[in-house]
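Below: one structure, written as structure tokens.
The values are calculated or read from the model by the stated rules, or taken from the named source; none is laboratory data. This one's a predicted model, so the numbers in the text were calculated from it and none came from an experiment. Because the Cβ atoms are built from the backbone with ideal geometry, glycine has one as well, and the counts that use them run over all protein chains shown. What goes into the accessible areas is simple: the full protein's heavy atoms, side chains included, and nothing from ligands, DNA or RNA. Shrake-Rupley method; radii C 1.70, N 1.55, O 1.52, S 1.80 Å.
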Amino acid sequence: MVTDRIPHLSSTLTLFVDAKEEIVKQWVEYPSPHEVLLHHGIDTETFRELFAGSVFDYFIEVIRGTQEIGDCPVMATFLNFLKDRDVTSAELFVICSHFRKAMIDFTYINGIDNRELIDEISSVFDLNFAGVLKMYSERIYEKELELEESVKLLNEYKRAIDESALVSKTDLNGIMTYVNDNLVNACGYSHDEVLGRTHNVMRHPDMPSRFFKVMWETIQQKKVFKGTIKNRKKNGDYFYVDATVLPITDAQENITEYISISYEVTKLVDARQQAVDAGQAKDYFLSNMSHEIRTPLNAILGFVSILIDEQPTSKQRKYLDIVQKSGENLLSIINDILDFSKLRSGEFTIEARPFILHEELSQTLELFAASANEKDITLLSFIDPKIPYNLIADPLRIKQIIANLLSNAIKFTPFGGKVEVEVTCPVEGELVISVHDSGVGISSEDQQKIFNAFAQTQNSSTYLYGGTGLGLSICMQLAEHMGGSIDVASVDGAGSTFTLSLPVTVNEDGCNIDIFDAEAFKKLHVGLLQPGEEESQKVTLLRRYWDVFNLNVEVIHTLDKCDCDLIFFIDSEMDDLLRQGLIHQQTPAIAIMDYLKETYDSVSHIAALHFPIYCAKLYNAFLEAMQISPSGEKTAEKGQMQRQFDARMLVAEDNVANQELIKIILHRYGIDHVVVPDGFEALNLYKRSRFDMILMDEQMPRMNGIDATKQIILYEDKHNITHTPIVALTANVIKGAKERGLSAGYDAFLGKPIVIRELEKVFEQFLDESGERHILVPDEADKGRIHGVDEAKLIKELMLEPEQLLMLMEVFLAKMEKTVPQLERAIDNGVFEEVAKLAHSIKGSSANFRIKTVQNLAKCIEEAAMHSDESCDFKKLFEALKVELENIYIED
């Protein structure tokens, strides 16, 4: 104890205790300790509350003799608090010595002039500070040990990184100050050749400047940058690194330098690129192979169809059927491969456009009626009449998916089974289509992989049916491209249900109508002739339609005293006696048949309704049975209702025959039009006048269609003009032409030959319908006047009158008389550009008249000329073309 050595301090103890707050306050307010505390981020108020008061209390306890000198617990806590702040012993002395100063200054302020008292205060302080200094030294020693351990560990890390990574450091200007051996070995430069220079010495020209700009912006914000960099070696070779670049900061968080730690990944990047190249090469090969095989296969199937029509013997017919089915199988496989390669290569596009769901799906169902009939499979369908008539989505891809699902369902369903298709819109904006079969089913294990490419189920029976295993994979990818999905539910041996869910939009601008006007039939007394008590599934399906239309249908078991206005009956449930009764009774009736037969063709009051059943077919069966026309009249003139559009159209087309054909078509639709011969004239006329639509050919003199379209769009943007729809009408339908055209600005893309239905859909999409409709009663073609073309087919497909077709053929032949000699001269002179242009013109003209042989020959000449293919026998192709054209003439 030191109490015996400090009598004066002990005697004045009470005076100091009473002045505690004053002494402590004075201590922390001295400038020197105040600066030390602030320098290390210690708030003086916090120091006074946490430490200063407790130091004073310890000092008093030492004077009282209740506390050992030099063993100050609060100073131990304070030193612990300071351990991460790098406080020096001198700074610690400044803090502690000013406590002594505050005690001594207090004696002077209070007039205590006692030299012995001041010496005693200093003595106690010195003894106490010696203990504090000892604790400080122990802390420093511990910290040095920790630092030594950290440095050792850091050196181990550095050695590990140097052994495995490529390391470099730069100053703030990007000048390299350190590179390790790995980096030197990788780049081929020596240490001296890279130190003092920037990383640009290794920069590869393939690396964009933007990459390094982003890197510098990132690290200058004290963030970590990561990226793959392509570098150049001293010998000009390249190497790739995955780099992590980060700033190094000092104690004040100021950036002092940058460090880059990289790992060479050249082999990995090269392997990845090789895999991409190999994948593209594979997809390109598959696409080309599929196309090249499909072309001759189409010819094979075409000639097989011709031979079948030529009444072969039964044996020959059997062989031809085998060839045809095998060819169709092969064509299906090739189409799958082609679609799969397009999806893999990214060439596949989804084209959303307005369409009529009920029409598109009913057509698809009809395509599979025959194959279902061959296996005695009942094809049931329910397309909810409440689904909006006009939707926006990609109808082609939807039909492709449904066709694949239907094909599989029929394929895997045994003879006498059934396939059901249900189409609903359970919530607004969602279309759900399910295909259920009573086939072999799919095990739960196989359900997990059937959507994988080239995968098939392990059920041994499935191998009997062949196939690529691509169909369901393509369907799933198509569904996902459209923002939808496909689910499967199945029990092995008990059938499967595939459900397609897709987002769709109702076309508010389209014509949304009721596809089944049931008002005329609600007042009818309708009977269902059902000999037995049990209702068949076929009737249950019909009831769903009846319920939607709110029709009252009564079940009757006999025809005795039948007072019905209309009778439904399932033909397969009738015996001969009932059939005869239905025929003789003369009551309007609808026969529900498994497939189309001629049983009631000669019976005027019985309409045959065969599966699959949908609204339009059911409605037409009602009309036929009741002998009512669509307008509600009992009799009506047979003919086609021609729609009319209130529009003005600009047509750019250089081919005279095509000009005349388009004029006739537009006239029939009531569309006012102006025709110009090239894109330059179209652009100038557009600037002077307004149109509702532009039909644009692609290959034209002076300015082609794509350039004209781009110029029109630029003009619209510059003058803030509402965009006029531009529709391509071109014979250029090679792979990629449509995608390039749409990306250039076309709003729609139509190929030649002109298909009236497709043209009308474009009119429907972009033009306003006038509401008027004209009845067209086409005349019979005067057979034999035009040789070399199918007059009846052209009149029907193009909705022409015979005289109009005759006039168009005269224009076509006159055009050929002029163009063919020009083509011959161009071939003789070897002017490929001119050959391609003239052949393209012939191709377009002949396509519209469905002259396939001329069209194909002209296409071959055009493609060979476009590629300057000197190996092509242009003369031979031309002579064949000339012969085909000579077979087309008008009989006087």
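Does Lys735 satisfy being modelled with pLDDT under 90 and within 30 Å of the chain's Cα centre (by Cα)? Yes; evaluated as a whole, the condition is true for this residue.
So which residues in segment 864-878 are open to solvent by less than 80 Å² (accessible area, probe 1.4 Å) and either free of Cβ contacts under 8 Å to residues at least 24 places away in the same chain or touching a strand residue (DSSP E or B) at 6+ places or on another chain (Cβ under 9 Å) (or both), if there are any at all? Once the filter is applied, which keeps residues that are open to solvent by less than 80 Å² (accessible area, probe 1.4 Å) and either free of Cβ contacts under 8 Å to residues at least 24 places away in the same chain or touching a strand residue (DSSP E or B) at 6+ places or on another chain (Cβ under 9 Å) (or both), segment 864-878 yields Ala864, Asp869, Cys872, Leu877. Across segment 816-829, not a single residue is classified as closer than 20 Å to Thr730 by Cα, modelled with pLDDT under 90 and out of contact with any Leu (no Cβ under 9 Å at 6 or more places or on another chain).
Reported count of residues in segment 586-604, each being among the aliphatic types (A, V, I, L, M) and more than 17 Å from Lys538 (Cα to Cα), is 1.
For segment 60-73, the criterion of a residue being more than 16 Å from Phe129 (Cβ to Cβ), of a type in the set (A, V, I, L, M), surrounded by fewer than 18 Cβ atoms within 10 Å (Cβ to Cβ) and at pLDDT 80 or above is satisfied by at least one position. If you go through segment 1-50 and keep only what is within 30 Å of Ala251 (Cα to Cα) and among the acidic types (Asp, Glu), you end up with Glu29, Glu35, Asp43, Glu45, Glu49. With respect to the conditions (1) open to solvent by less than 10 Å² (accessible area, probe 1.4 Å); (2) under 30 Å from Glu146 (Cβ atoms), Leu117 lacks only one, and its number is (2). Just a yes or no: is a residue in segment 50-59 over 26 Å from His8 (Cα atoms) and in a helix (DSSP H, G or I)? Yes, there is a match, as at least one residue in segment 50-59 is over 26 Å from His8 (Cα atoms) and in a helix (DSSP H, G or I).
Yes or no, residue by residue, for (1) modelled with pLDDT under 75; (2) among the basic types (Lys, Arg); (3) more than 30 Å from Asn452 (Cα to Cα); (4) not in a helix (DSSP H, G or I):
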| site | (1), (2), (3), (4) |
| --- | --- |
| Pro312 | no, no, yes, yes |
| Ile322 | yes, no, yes, no |
| Phe348 | yes, no, no, yes |
| Ala370 | no, no, no, no |
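Residue count for segment 818-849, restricted to those that are buried (at least 16 other Cβ atoms within 10 Å of the Cβ) and at positive phi: 0.
Scanning segment 218-266 for residues that are in contact with a strand residue (DSSP E or B) (Cβ under 8 Å, 6 or more places away or on another chain), within 30 Å of Val87 (Cβ to Cβ) and open to solvent by 30 Å² or more (accessible area, probe 1.4 Å) yields Lys222, Leu246, Ile248, Thr249, Asp250, Ile255, Thr256, Glu257, Ile259. Each residue in segment 199-217 was checked for being open to solvent by 50 Å² or more (accessible area, probe 1.4 Å) and part of a loop (DSSP other than H, G, I, E, B), and 3 of them qualify. Is there a residue in segment 764-773 that is open to solvent by 20 Å² or more (accessible area, probe 1.4 Å), in contact with a helix residue (DSSP H, G or I) (Cβ under 6 Å, 6 or more places away or on another chain) and modelled with pLDDT of 80 or more? Among the residues of segment 764-773, not one is open to solvent by 20 Å² or more (accessible area, probe 1.4 Å), in contact with a helix residue (DSSP H, G or I) (Cβ under 6 Å, 6 or more places away or on another chain) and modelled with pLDDT of 80 or more, which makes the answer no. Counting only residues that are out of contact with any His (no Cβ under 9 Å at 6 or more places or on another chain) and on the phi > 0 side of the Ramachandran plot, segment 561-595 holds 1 of them.
Contact map, segment 100-115: first residue under 15 Å from Ser11 (Cβ atoms), second residue among the acidic types (Asp, Glu) and not in a helix (DSSP H, G or I), Cβ cut-off under 9 Å, separation 6 or more or different chains; pairs are Thr107/Asp113. Of all residues in segment 613-648, exactly one satisfies the criterion of being among the basic types (Lys, Arg), modelled with pLDDT of 85 or more and part of a strand (DSSP E or B), namely Arg648. Count of segment 250-282 residues, restricted to those that are of a type in the set (Val, Ile, Thr) and in a loop (DSSP other than H, G, I, E, B), is 1. The helices (runs of 4 or more DSSP H) found entirely in segment 490-593 that carry 3 or more residues being under 46 Å from the mean Cα position of the chain (by Cα) are 519-522, 537-549.
Exactly one residue out of Ala489, Ala455, Ala479 is at pLDDT 80 or above and open to solvent by less than 30 Å² (accessible area, probe 1.4 Å), and it is Ala479. Taken over segment 559-606, the criterion of being open to solvent by less than 20 Å² (accessible area, probe 1.4 Å), of a type outside the set (Phe, Trp, Tyr), within 24 Å of Leu365 (Cα to Cα) and modelled with pLDDT under 90 is satisfied by Met593 alone.
The rows are residues; the columns are (1) open to solvent by less than 30 Å² (accessible area, probe 1.4 Å); (2) at pLDDT 85 or above; (3) hydroxyl-bearing (Ser, Thr, Tyr); (4) out of contact with any Lys or Arg (no Cβ under 7 Å at 6 or more places or on another chain).
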| residue | (1), (2), (3), (4) |
| --- | --- |
| Gly327 | yes, no, no, yes |
| Leu331 | no, no, no, no |
| Ile334 | yes, no, no, no |
| Leu338 | yes, no, no, yes |
| Ser341 | yes, no, yes, yes |
| Ser345 | no, no, yes, yes |
| Glu351 | no, no, no, yes |
| Leu357 | yes, yes, no, yes |
| Leu365 | yes, yes, no, yes |
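Pairs are defined by a Cβ separation below 7 Å, a sequence spacing of at least 6 or placement on different chains, a first member in segment 530-556 that is open to solvent by less than 70 Å² (accessible area, probe 1.4 Å), and a second member that is part of a helix (DSSP H, G or I) and aromatic (Phe, Trp, Tyr); the pairs so defined are Leu551/Phe521; Val553/Trp546. Here Pro395 qualifies as open to solvent by less than 30 Å² (accessible area, probe 1.4 Å) and either more than 23 Å from Arg544 (Cα to Cα) or touching a residue at least 60 places away in the same chain (Cβ under 8 Å) (or both). Beta carbons closer than 8 Å, at least 6 apart along the sequence or on distinct chains, pair a first residue in segment 608-627 that is touching a residue at least 60 places away in the same chain (Cβ under 8 Å) and among the small types (Gly, Ala, Ser) with a second that is assigned to a helix (DSSP H, G or I) and surrounded by fewer than 17 Cβ atoms within 10 Å (Cβ to Cβ) for Ala616/Glu359.
When Asn182 is tested against the conditions (1) over 45 Å from the mean Cα position of the chain (by Cα); (2) within 16 Å of Tyr263 (Cα to Cα); (3) surrounded by 14 or more Cβ atoms within 10 Å (Cβ to Cβ), the lone failure is (1).
Every test in (1) charged (D, E, K, R); (2) open to solvent by 40 Å² or more (accessible area, probe 1.4 Å); (3) modelled with pLDDT under 90 is passed by Lys375 save one, and that test is (2).
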